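The numbers here are math on the coordinates, done by the rules we state, and not lab data. Quantities reported herein were computed from a predicted structural model and do not represent experimental measurements. Using ideal geometry, Cβ is built from the backbone for each residue, glycine included, and neighbour counts are taken over all protein chains shown.
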Amino acid sequence: MGALIRIYTLAGNTLREVIRNRILYVLLCFAIVLIATGVVLSALSYVEQERILQDVGLGSIRLFGTVIAIFLGVGVLHKEVDRRTIYTILSKPISRSEFVLGKYLGLTATIWLQLLIMSAAFALISWLAHAPLGTGHAAALLLSGLEMSLMVAVATLFSAFTTPMLASFFTAGIWVVGHLTRDLRQLASHSDVSAVRELAVWIHRLLPDLESFNVSIQAVHGLPIEGSEVTLPIAYGIGYASLVLILAIVLFERRDFR
Amino acid sequence: MSERADTSPVTKIVVVEDLTKDLRPGFGLRRKRVLDRISFSVERGEIFGFVGPNGAGKTTTLKVLMGLIRATSGRAQILGHDVRETAYRRHVGFLPENPYFHDFLTGREFLAFYAKLSGLRRSNRAARIEALLDLVGLREAADARLRTYSKGMLQRIGLAQSLVHDPEVVFLDEPMSGLDPLGRKEIRDLILRLRTEGKTVFMNSHILSDVEMLCDRVAIIAEGRIRYEGGVDAFLPHGESGTDVVATGLAPEAAAKLHDRLGERMRVQGERVELRVPHKQVGELLAELLAMGAEVTSVMPHRASLESIFLSTVQERRRWAR
Amino acid sequence: MGEQAAVGTRWVQLVAALSFAALTVVSFSKLPMPIRGARGDLFIPRPEVARIASLGFEALVADYYWLQAVQIVGGAQNPTRYAPLIGGLIDVVTTLNPWVGHPYRFAAVWLIDSPESVRQANRLLERAIEHHPEDWRHYFYLGFNQFFYLEDNEAAAAVLERAIELRGAPLYLKRLVARLKVQADGLETGATFLRELIATTRSRKARAKYERALDEIETERRARWLDQAREDYRERFGRDIETIGDLVRGPDPVREALPPEPHGWEWILKGKKRRLVSSYYGHRYEPQFHRTERKRRKHWRAELLEREGSGR
């Protein structure tokens, strides 16, 4: 019970920190402008303008959400250590695992809050342009929020043991590879060398399969999205993020703050 | 919640035995021993000074005690608990050196945050925060963001933070560094007040005068080893003190005569000479200088800093004139 | 003094700023904007590589290449000249996001400069059909390409037949299939197909149209019989008939009797080409082309033949 209160307190403080940070509003405004850019871009095409509008909208949300997730995620632990604010926090009856969880949950709450704002902008623009909006769009946004939350966990992991520079590099790398693992596995399945096939399968298993969180094309085209296409990625995302966080905690607990 | 039932029988608040810490500055680099089998203890109700020159291992020791660094070997206990535990920290306060806090918070939010983290119940949180704001004299600034605080205000709100959960023992790392004289006095007064409230204070410092003024007992650390542990009175006379006199316009032959007498305690820099003599001989020296036609530009009592003590007593390699 | 100098500098700054602004605006408005790709400066990635490299942003990247294609067509005098470029772009677009609709038909419209282009358009249309099996238009474009440019009536009929029952498919599609079948397999296949349609349709209006088409087939059957007779006449006498009556006239006519025009109208020889038609319909039963289309097709056929000739 006490642990939950402490985690909640830390998460609330992290959320407050981000909300009071101006850079984030700049990023958020930029994202909304980009969502709105869809209006201009779609005007360039004489047909299927609603589709392009929504492609740009969902694309911007996912791109900016990921950038913000990585940007905030790699700083999350490092900033506390670098500015030595962690010293007084850990001198209170707080375990390091509570600290990591509190910071993670606070940041994730921030990410979802931003996703909500961007989604509202997206919905408004879609509505003004008479573009269709349905459960598919909600599913796409939900899953992209999950992908962002997973990226925050990955960023937290790297942030637990390396510099923000390297952590952003690694996290961005995981993000890129995470979108490739399916293709990689498929390409490698044609290989004659069994070691190559095995390697690709293991890469796909070990690294996050981020394409499973991407149903934006189905959403925009109004294609049917199966229930399992939403529930399974949710379970997968939560499971994977938890494993990553446990690893982050293990590494963070061994760390000396010199 | 058993608030303090488990801690009251302990009389030794801090026990450190054979504590050793090795650092490896980077891959493939040689280990460096920053703490070498140090041992000391802190009694209930005292102000304990942990003193040593910069880089001696004071902060490292304190970080081990606060669980921020893992010791390589040895034992460190606070209130009878191993420092790697977390629950006992309900009774421990900590103010790091040159503290930097979440500057997006106001003073009041800042204290509330730490109060919640310390497990303070909502019912007594607000009253406690108001009392602390009064204690450190920041009631006026309570709703300003920490970003706008001066260094002295940060140090005071930091101290309030370390006291928010009414701990039994408070650890302060260089609590007066970087403060102006007024700020130093305010912090000093607060520390003394803690003792009257029956708290134990553990204080890192490299400034002898502060330690002399505040502490009941000290431990001296240099190059990772404890050199002394005991009362303040016993250790202060070790220091060499005196008065520094600076003069100009001294004739060369007069200077040479003085140098023969004072030896290493006189340094010549062109026209300017710097001399150090015991307090009692200052009048005599001044008269002599004036008689020689010199112009005295500065007379200053020399404060024996810990650095100078270590340079004289530990290293034995001190050279006043080169 | 210093005050005056400051005011002077401010004027200089203002004038300089305004003149540079004017220079920027004017020169920008006159910047040459050639069609990208016309000079080979448009990089079109391999579709599969583009798909993998777009890292989950396939839809967005597809839109980018789609807009490129639109720009090319929008800015070109004769867009078919850029057919290979357009084909490449649309291939990328539809590989990245195969659920797009219009780009497929866009490709079908512009990829008509060569048989290769048409075949590429057809490959794209097959991809369209795979992802939009319910949309009749892609079958229509594919079938049109098959019979119009590739002149494969059998394949065209097979493709179009799949479209005729789809929602939104126009009625004329069914009759077009019938005509194509007549061209490809002969009248009996076409007639069977139409009888099948008549038996299954619920719409009275549609049935009337099919019955009329069936009637046209009967007329066409007789017209072909007459065509054959006319051919026999030409072989025997070394010249064409003057009137339809020549077929039964004279001491040794090529035919004993002529089949009556089914509607009680008559058979005539129409136009410069003196095509044998029923005066009731005024044309034969075959796919009808607009005159300009016919011209384009002819031109295109000539070009194709020439190229194939020079290839040998």
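What the table below lists for this structure:
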{"read-out": "³J(HN,Hα), Karplus 6.51/-1.76/1.60, whole Hz, each residue of segment B:280-287, x for Gly, Pro", "value": "5, 8, 4, x, 4, 5, 4, 4"}
{"read-out": "The protein assembly as shown, dipole about Cα centre (Lys/Arg Cβ +1, Asp/Glu Cβ -1), debye to the nearest 20", "value": "640 debye"}
{"read-out": "Alpha carbon Rg of segment C:2-207, scaled by the compact-globule rule 2.2 N^0.38 Å", "value": "1.59"}
{"read-out": "Net charge contributed by nearby residues that have their C-beta within less than 10 Å of B:H259 (K/R +1, D/E -1)", "value": "+2"}
{"read-out": "Inter-part distance where segment A:212-232 and segment A:1-79 are each reduced to a Cα centre, Å", "value": "21 Å"}
{"read-out": "Backbone HN-Hα couplings from phi across segment C:157-164 [Karplus 6.51/-1.76/1.60, Hz, Gly and Pro as x]", "value": "4, 4, 5, 5, 4, 6, 8, 5"}
{"read-out": "Relative packing of B:66-72, A:249-255, which averages over residues the other C-beta atoms within 10 Å, highest first", "value": "B:66-72, A:249-255"}
{"read-out": "Counting DSSP beta bridges with both ends in the protein assembly as shown, the antiparallel % (nearest 5)", "value": "70 percent"}
{"read-out": "Rg/Rg_globular for chain B, with Rg_globular taken as 2.2 N^0.38 Å and Rg from C-alpha atoms", "value": "1.20"}
{"read-out": "Residues whose placed amide H lies under 5 Å from that of B:F50, excluding near-sequence neighbours", "value": "B:M203, B:N204, B:S205, B:A219"}
{"read-out": "Long-range HN-HN contacts of B:G242 with modeled amide H, under 5 Å", "value": "B:H302"}
{"read-out": "Amide H within-cut-off set for B:V83, under 5 Å, with H built and near neighbours excluded", "value": "B:A76, B:I78"}
{"read-out": "Per-residue mean of C-beta atoms belonging to partner chains within 10 Å, peptide C:101-114", "value": "1"}
{"read-out": "Cβ neighbours within 10 Å from other chains - mean over C:60-66", "value": "6"}
{"read-out": "Pairs of Cα atoms farther than 21 Å apart, segment A:45-149, %", "value": "47 percent"}
{"read-out": "Separation of alpha-carbon centers, segment A:136-170 and segment C:194-246, rounded to whole Å", "value": "72 Å"}
{"read-out": "Residue mean of other protein chain beta carbons inside 10 Å, A:89-101", "value": "6"}
{"read-out": "Cα-only Debye scattering, chain A: base-10 log of I(q)/I(0) at q = 0.14, 0.16, 0.17 Å⁻¹", "value": "-0.99, -1.19, -1.28"}
{"read-out": "Inverse mean reciprocal Cα-Cα distance (Kirkwood Rh) of segment A:73-117, Å", "value": "11.3 Å"}
{"read-out": "Mean Cβ neighbour count within 10 Å, used as a protection proxy, ranking C:107-118, B:165-176, B:277-288 highest first", "value": "B:165-176, C:107-118, B:277-288"}
{"read-out": "Calculated from backbone phi, Karplus (6.51, -1.76, 1.60) coupling profile of segment C:145-155 in Hz, x at Gly/Pro", "value": "4, 4, 8, 7, 9, 8, 6, 10, 5, 5, 4"}
{"read-out": "P(r) of the protein assembly as shown over all Cα-Cα pairs, binned every 20 Å from zero, in whole percent", "value": "11, 26, 23, 18, 11, 6, 3, 1, 0"}
{"read-out": "Ordering of C:209-218, C:225-234, C:81-90 by packing [mean C-beta count within 10 Å, highest first]", "value": "C:81-90, C:209-218, C:225-234"}
{"read-out": "Local net charge near A:L157, Cβ-Cβ under 15 Å (Lys/Arg +1, Asp/Glu -1)", "value": "+3"}
{"read-out": "For chain B, calculated [θ]222 nm from helices alone, where every DSSP H run of n ≥ 4 adds -39500 (n - 2.57)", "value": "-9000 deg cm²/dmol"}
{"read-out": "Links that overshoot a 24 Å alpha carbon limit, given the list A:K79/B:K63; A:K92/B:K32; A:K92/B:K63", "value": "A:K92/B:K32"}
